[in-house]
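Here the structure comes first, spelled out in C-alpha cells, and everything after it is commentary.
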Amino acid sequence: MTFEQLIPAPNSARWVAPTPGSLPLDDDTVLRAGPGTEGVARWLRATVGAATGLRFPEEPAGEARGGEGRGGVELRIDPDLAAEAYRVTVDDGTLRIEGGAAAGVFWGAQTFRQLLGPDAFRRAPLDPARAWSVPEVAIEDAPRFRWRGMMLDVSRHFMPKDGVLRYLDLLAAHKLNVFHFHLTDDQGWRVEIKRHPKLTEVGSWRARSKWGHRMSPLWEERPHGGYYTQDDIREIVAYADSLHIAVVPEIEIPGHSQAAISAYPHLGNTDVVDTGSLTVWDTWGVNPNVLAPTEEVLRFYEGVFEEVLDLFPSTYIHVGGDECPKDQWKASPTAQARVKELGVEGEDGLQSWFIRHFDQWLTARGRRLVGWDEILEGGLAEGATVSSWRGYRGGIAAARSGHDVIMCPEQHVYLDHRQHGGPDEPMPIGFVRTLEDVYRFEPVPAELTEEEAARVIGTQANVWTEVMEHQGRVDYQVFPRLAAFSEVAWGRLPAPAQRDFAGFERRMAAHYARLDALGVDYRPPGGPLPHQRRPGVLGRPIEGPPPNV
C-alpha cells in the first residue's frame, strides 16, 4: 500500500528516498506516546493492534535510547501545526506521527492504518505469522473545513446503539469529525428524557411503517421503534470523543413533532386539532401537526433541552426548524392571539419567535443553535448557524448576513437519493447522484466574497432513512459515496470540472477492499447485488438533473 491509494488524498505526500523502502513492524516495535497523545496510542493498540496482531509495547523505563529517530512508532504533538493538521514520516527506522493537537495525531494514525493495507481494517489478523511493514513516506496534511459531518436520521428507522458506534468508526476512518444525530421526528422520539417519560414510552414506537415511498400502497404491518437511554447516549458521546468526533444532537421544533404530540397532546394546537387521537406517524412526508406557540410548550422544551445539554457537550445544538406548515397556526385562535401579543409578522414571525427564543436560551448556556435554512424565514436569530439544505441560496443569504453556514444541499449530498437511474436500485428516491457527482460537489459558492466564504465553516452529507429499514440499507446508500464526500470535505480540490475523478476511481479500488474488511454493505460499482434490490417497492424518482439552486 502506498500514499497513492489514500482516501481522502493528503495535501502533500512523497517518498523519502529515490528508491522507496519500507519499515518492518513486528512484536518488538515499540510505541512511544508523547504528552497528550495517550488516547491515540490506546486506539492504535486496540484497533490496529487487533487487526495486525502487533502489540506495540511501550519502551521500558531506563531503556530509551534518547532523541527522535530511535526506532519504533512515535506520537507527538507539534504546537506549530494547526490542531487537526498532521505529519506522517517514515525514515531512519522510525514512524513519526505528529499533529497540532491530539486530533491531528489521530488523523495521522488513520493514515498510518491505510498505509498498512486493507487487512488493517479487520477485527483480527488473518495470518498471525504475517510480516507487516509501512512504506517510507513523508506526508503533510490538514483539513480544508473544520466541520466535516454526516447526519444520520434514526427517527424514521431506528439504528440500535451498536450500529451507531459502528458508524462512528466509519466516520473516523474517513476523517469526518461531526456526527449530526437526528433524534426526533414525527415517526419516532429516540432519546430518553427523564422528566417527560412518555416521549419514549409512547413516542418511540409506531404501529406500522410505510414500505417504500409515501405514495407506495405497501405497508410493513409490524411495530417499529426503539430509543437510546441516557446511559446509551453518554456511551455514544464518549466513544465519539475518543475518535475526535463531535456529536451534535437534533431535537426538532416547531415542526416534525407528531411523535412528541402523541405522547403529550397539550403540545399541539388543541383548539383546532384533536391531538389526543394522534399516534406516532406511520408514513413519510411533511406532517401538518406542529407545536403550539405557547409558553407552556416553551417550558416543556426547555426541560427537554436541559437534559439534552447534560448529555451532549457539543457547542452546537440542532433544533431543526424545517418544513413547519403554518395551516394550524392560521386556523388557531390561540396562535393568532399570540401573533398579536408578540407583534410579529404573521405565522413566519411565530416560527422565528420559536427559534429566537431557543437561540437566546442556548446562548445563555454557552451553546450555539443550528437549524435548517427555513430558520431564515421571518428573520434569523442572532447567533444561529444555518444548515443549507434547499440548495445554496439559504447558505448564501446567511453568509452575506454574517452567519456561519454548513453546506449540505439536497441536490448534491443527500445520500438517500438514488445512485443510478437503473431499474434495480432499491426504492429509488430523488435525483440520481453518482459517486462522480458527489466527488465534484463544491461546498463554497463562487459568488461569495472571500469574507463571506469564510462563513462556510464546513459541509455535511445527510442520510434520511425513510426507505432504509436496516443497517445494510444505510450502508448501501452511504457507501461508496461517503468516501467521495470525505475527500471534498477534507481536501483543497480543484474546481469541480477539473477534478481527477479517474484518479479517484483508481484509489477506490483499494478503498473497496478496506470497506470489505470493515464489513460495509456498499453499492458495488456494477450495481446492486441480489440481496440489495427491492423489486416491486415503489420509490419516487425525479427525472432530469437537479436544479442548481
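The values are calculated or read from the model by the stated rules, or taken from the named source; none is laboratory data. Model, not experiment: these values are computed from the prediction. So basically every Cβ, Gly included, is an ideal-geometry build from the backbone, and we count neighbours across all protein chains shown.
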Practice problem: Return yes or no: is His256 of a type outside the set (Val, Ile, Thr), within 24 Å of Ser216 (Cα to Cα) and surrounded by 19 or more Cβ atoms within 10 Å (Cβ to Cβ)? | Solution: yes
Quiz item: Can you name the residue in the range 209-227 that is out of contact with any Ser or Thr (no Cβ under 7 Å at 6 or more places or on another chain) and closer than 13 Å to Phe158 by Cα and is also surrounded by the most Cβ atoms within 10 Å (Cβ to Cβ) among such residues?
Solution: Ser209
Exercise. Please find, within the range 79-90, the residue that is nearest to Glu58 (Cα to Cα) out of those that are buried (at least 16 other Cβ atoms within 10 Å of the Cβ) and of a type outside the set (A, V, I, L, M).
Key: Thr89
Practice problem: Sort out which residues of the range 374-391 are modelled with pLDDT of 95 or more and touching a strand residue (DSSP E or B) at 6+ places or on another chain (Cβ under 7 Å), and write them in order of number. | Solution: Thr385, Val386, Ser387, Ser388, Trp389
Practice problem: Just one of (1) of a type in the set (Gly, Ala, Ser); (2) surrounded by fewer than 22 Cβ atoms within 10 Å (Cβ to Cβ); (3) closer than 17 Å to Val30 by Cα trips up Ala109, so point out which. | Solution: (2)
Quiz item: What's the number of the condition Gly422 fails, among (1) touching a strand residue (DSSP E or B) at 6+ places or on another chain (Cβ under 6 Å); (2) surrounded by fewer than 21 Cβ atoms within 10 Å (Cβ to Cβ)?
Solution: (1)
Quiz item: Can you spot a residue in the range 157-176 that is touching a helix residue (DSSP H, G or I) at 6+ places or on another chain (Cβ under 8 Å), in a strand (DSSP E or B) and touching a residue at least 12 places away in the same chain (Cβ under 8 Å)?
Solution: no
Self-check item: Among the candidates Gly391, Gly371, Gly395, Gly349, residue that is in the same structural domain as Leu291 (by TED's automatic domain parsing) and part of a loop (DSSP other than H, G, I, E, B)
Solution: Gly391
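Only residues that are of a type in the set (Phe, Trp, Tyr) and over 14 Å from Tyr512 (Cβ atoms): list them for the range 477-491, please.
Step one: filter the range 477-491 for residues of a type in the set (Phe, Trp, Tyr), giving 479, 485, 490.
Across the range 477-491, the qualifying residues are Phe485, Trp490.
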Exercise. Any chance you could count how many residues in the range 330-356 are within 24 Å of Asp186 (Cβ to Cβ) and either charged (D, E, K, R) or in contact with a Leu (Cβ under 6 Å, 6 or more places away or on another chain) (or both)?
Key: 6
Quiz prompt | Top-ranked residue of the range 311-338 - restricted to ones that are farther than 19 Å from Asp359 by Cβ, in contact (Cβ under 8 Å) with a residue 40 or more places away in the chain and in a helix (DSSP H, G or I), ranked as nearest to the chain's Cα centre (by Cα) | solution = Leu311
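On the given criteria, is Asp231 free of Cβ contacts under 8 Å to residues at least 40 places away in the same chain and more than 27 Å from Leu350 (Cα to Cα)?
Details: free of Cβ contacts under 8 Å to residues at least 40 places away in the same chain: yes; more than 27 Å from Leu350 (Cα to Cα): yes.
Against the criterion (free of Cβ contacts under 8 Å to residues at least 40 places away in the same chain and more than 27 Å from Leu350 (Cα to Cα)), Asp231 qualifies.
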Quiz prompt | For Arg506: the one exception among (1) within 28 Å of His182 (Cβ to Cβ); (2) surrounded by fewer than 21 Cβ atoms within 10 Å (Cβ to Cβ) | solution = (1)
Exercise. For the range 69-77, state whether one or more residues are among the β-branched types (Val, Ile, Thr), closer than 19 Å to Val105 by Cα, modelled with pLDDT of 95 or more and part of a loop (DSSP other than H, G, I, E, B).
Key: no
Self-check item: Leading residue by the ranking (surrounded by the fewest Cβ atoms within 10 Å (Cβ to Cβ)) among those in the range 511-524 that are farther than 15 Å from Ser486 by Cβ and in contact (Cβ under 8 Å) with a residue 24 or more places away in the chain
Solution: Asp516
